[in-house]
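Peer 1: The structure under discussion is supplied below as structure tokens; questions concerning it will follow.
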Amino acid sequence: MFRQIGNWIEERTGLGELISPVMSHLVPRRSSWMYVFGSATLFAFILQIVTGIGLSFVYVPSSSQAYESLKFITENSALDHFLRSVHYFGASAMILMVGLHMLRTFLFASYKYPREASWMSGTVLLFLTLAMGFTGQILRWDQTAIWSVVVGAQQAGYVPLIGPALARFMLAGESLGGQTLSQFFALHVFVFPVLIGALLGPHLWMVIRNGISEPPKRGKPVDPKTYNQEYHELLEKDGVPFWPDAAWRDVAFAVAMIVAIVGLAIVLGPPHLVDAPNPTNLVTSPKPDWYLLWYFGVLALIPHAWTPYIIIGGPGVVF
Amino acid sequence: MTDKPTSPTAEGGSPQHGPEGDQGRRKFLARLSVALGTFAGLLVGIPVLGAVLKPMVAQEPRVWRNVGAVDDFKVGTTVAVSYENGATKSWAGVTGKTAAYLRRDGESAFTCFTVNCSHLGCPVRWEQTADLFMCPCHGGVYYANGDVAAGPPPRPLARYPVRVRGGNVEIQTTPLPIDGRVPRSS
């Protein structure tokens, strides 16, 4: 019965034909637990979309009311409280996983031929992920959030020529106001997720096209002239189908990650909301969330003359 | 494209439309499609871009805001004051307000400092006993006249236009200072 329904659908859509080569493509047998971080990032992204959609049903993105609505979400509804908490730890997990994914790619030299374009699209995805984290933190719309917008605008102001215009773009005007939060909401909920999705397409396609890299061997550098042939010989000799030989690790790790996120969400709860947003309350000390704190700290330690180069040039080094 | 002619015209069409004519027609249709698509994209894209970019160019009116009577401020002291921005929307709530530090230098002489550190814009605090402005973010310190005393700030605290009218102190609304500078007022 199910088989019949399946065949009926397959005959008309060809979806199986599309997916099956993806599932059965060969991967090097020596691929290991080190290769799970990319898929874990993807699973965290999906978790963020799902929990984010849930939150958007109860959050009011208005400069004058967002804080109150978030306070209600956090204090008056156990399920919304849990949802917000999962979204927060999901964000941390996504940033952690994208960092580990990049570290693994770098240490295994997987960015070399023929996967340079994967690395480059990955760096843009990394920045988009951090942008999601930053804009999400702004949506808390408490004292720290509004001052983070000011600090963010000041940093944008360091960009040569277009700096002041960029700063005004971040503020959505000449200073904080009614449009500031609407703009961050639009960026966080529509613009950045769509950009991430659009880049994820080619990023994942290249994994299928070029195959996942095999762990590097000492004394055997990548030679673009012979690499493709050697890689395909390796796969034919010793490759295993992605599903389920390698994919089970991705699934197991992602499930462990989600269990950890939910566990932390239950035990620790969502991040504390500081005072209500008030640009005239000056007794405040804005700090970014943990993943940008180190960067915020670096800006205190360097001589000021370096500041523009760190703010603008730093990301270029990663790219 | 080096493949054999496959279009119906080439196979059995009228003799005037050979494969070369077909290629020219295809090139024309491809360009036409791209041009039409661009036209439609611009048609709907312009208002979208307008909505996104308008805040970058829109000028808010410069308004003088009353922050209190001259006698409310003691000579030689610095206090925080707040006032509404130039064109506050009702839905901005409290975020439509701005704070500033006002210092009374003499009988009718006032200086108005921005609260934003010239390093990265964090709100500096006025420490009355130390006679200094201190930034909580990266340790920037300023003297009472706004000059840099220590830390990473590159320039003194920016100043806002301030005047005395009819016994009241008025501050002119200005854009948020970026890079420690108050954008020119119109």
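Peer 1: Would you mind giving the mean number of other chain beta-carbons within 10 Å of the Cβ of each residue in A:143-155, as a whole number?
Peer 2: For peptide A:143-155, the averaged partner shielding equals 4.
Peer 1: A follow-up question, please. Mean-square fluctuation check for chain B, GNM, Cα pairs under 10 Å: which of B:63, B:44, B:81 is largest?
Peer 2: Looking only at B:63, B:44, B:81, the biggest GNM fluctuation is shown by B:44.
Peer 1: 222 nm [θ] for chain B, helices only, -39500 (n - 2.57) per DSSP H run of 4+, per residue, to 500?
Peer 2: -8500 deg cm²/dmol
Peer 1: If the elastic network links every pair of Cα atoms under 10 Å, which of A:201, A:136, A:90 fluctuates the most in the Gaussian network model of chain A?
Peer 2: Of the options given, A:201 has the highest mean-square fluctuation.
Peer 1: Please average, across the residues of B:121-132, the number of beta carbons from any other chain that are within 10 Å of each residue's own beta carbon, and give a whole number.
Peer 2: 3
Peer 1: Taking θ = phi - 60°, what integer Hz values does the Karplus form 6.51 cos²θ - 1.76 cosθ + 1.60 yield along the stretch B:159-171, in sequence order, with x for Gly and Pro?
Peer 2: Running phi through 6.51 cos²θ - 1.76 cosθ + 1.60 with θ = phi - 60° gives 10, 9, x, 9, 8, 10, 9, x, x, 10, 8, 10, 10 Hz.
Peer 1: Quick one: 3J(HN,Hα) in Hz for the stretch B:103-117, Karplus 6.51/-1.76/1.60 with θ = phi - 60°, rounded, Gly and Pro as x.
Peer 2: Along the stretch B:103-117, the couplings run 10, 8, 8, x, 3, 10, 9, 10, 10, 10, 9, 5, 8, 8, 4 Hz.
Peer 1: Counting partner chain Cβ atoms within 10 Å of every residue's Cβ in B:50-58, what's the average? Working shown, then result.
Peer 2: Values: counts 0, 3, 6, 3, 3, 11, 12, 2, 5.
Per-residue shielding by partner chains comes out at 5.
Peer 1: Turning to a different aspect of this structure: Can you compute the FRET efficiency between residue B:20 and residue B:57 using 1/(1 + (r/R0)^6), with r the Cβ-Cβ distance and R0 = 45 Å? Round to the nearest 0.05. If you can, show how the numbers build up before the last one.
Peer 2: On the way: r = 51 Å, r/R0 = 1.13.
Taking R0 as 45 Å, the efficiency between residue B:20 and residue B:57 is 0.35.
Peer 1: Please list B:141-147, A:137-143 highest first by mean number of surrounding beta-carbon atoms within 10 Å per residue.
Peer 2: Details: B:141-147: 17.1, A:137-143: 23.9.
With the highest mean Cβ count within 10 Å placed first, the list reads A:137-143, B:141-147.
Peer 1: To make sure I understand, if each residue's beta carbon is the centre and we count other beta carbons within 10 Å, what order do A:83, B:43 fall in, fewest to most?
Peer 2: On the way: A:83 21, B:43 9.
Result, fewest neighbours first: B:43, A:83.
Peer 1: Pick from B:170, B:20, B:127: which residue has the top mean-square fluctuation in a GNM of chain B where Cα pairs under 10 Å get a spring?
Peer 2: B:20
Peer 1: Run the quick spin-label model on residue A:208 and residue B:34: label points 7 Å from Cα toward the beta carbon, then report their separation in nm to one decimal.
Peer 2: So the two model labels end up 2.8 nm from each other.
Peer 1: Right, something else. In the stretch B:23-42, which residues have a backbone nitrogen under 19 Å from the label point lying 7 Å from residue B:49's Cα in the Cα-to-Cβ direction?
Peer 2: Taking a point 7 Å out along Cα→Cβ of residue B:49, the residues of the stretch B:23-42 whose backbone N falls under 19 Å are B:34-42.
Peer 1: Something else about it: Within the stretch A:151-182, find all residues whose amide N lies under 13 Å from a label point positioned 7 Å from the Cα of residue A:292 along Cα-to-beta-carbon.
Peer 2: The answer is A:151-157, A:170-171, whose backbone nitrogens lie closer than 13 Å to the label point.
Peer 1: Right, next: Dipole size in debye (nearest 20) for the stretch B:64-172 around its Cα centre, Lys and Arg Cβ +1, Asp and Glu Cβ -1? It would help to have the intermediate numbers written out before the result.
Peer 2: Numbers: 11 positive and 9 negative charges, 66 e Å.
Around 320 debye, computed over the stretch B:64-172.
Peer 1: Positive end of the charge dipole of the protein assembly as shown (Lys, Arg +1 and Asp, Glu -1 on Cβ, about the Cα centre): tell me which of B:126, B:42, B:92 has its Cα farthest that way.
Peer 2: Comparing the listed Cα positions along the dipole, B:42 ranks first.
Peer 1: Still on this structure, please answer the following. Could you grab the relative contact order for chain A? Cα pairs under 8 Å, six or more apart, rounded to a whole percent.
Peer 2: 33 percent
Peer 1: May I pose another question? Could you calculate the FRET efficiency of residue B:74 with residue B:147 from 1/(1 + (r/R0)^6), where r is the beta carbon distance between them and R0 is 30 Å, rounded to 0.05?
Peer 2: 0.85
Peer 1: Quick test of your reading: applying the under-4.7 Å Cβ rule, which cysteines of the protein assembly as shown are isolated?
Peer 2: Lone cysteines by the Cβ rule: B:112.
Peer 1: Something else about it: Could you give the dipole magnitude of the protein assembly as shown about its Cα centre, charging the beta-carbon of Lys and Arg +1 and that of Asp and Glu -1, in debye to the nearest 20?
Peer 2: 600 debye
Rule-based calculations on the coordinates, nothing more; no lab input. As the structure is a prediction and not an experimental result, all values here were calculated from the model. Glycine also receives a Cβ, built like all others from the backbone with ideal geometry; neighbour counts cover every protein chain displayed.
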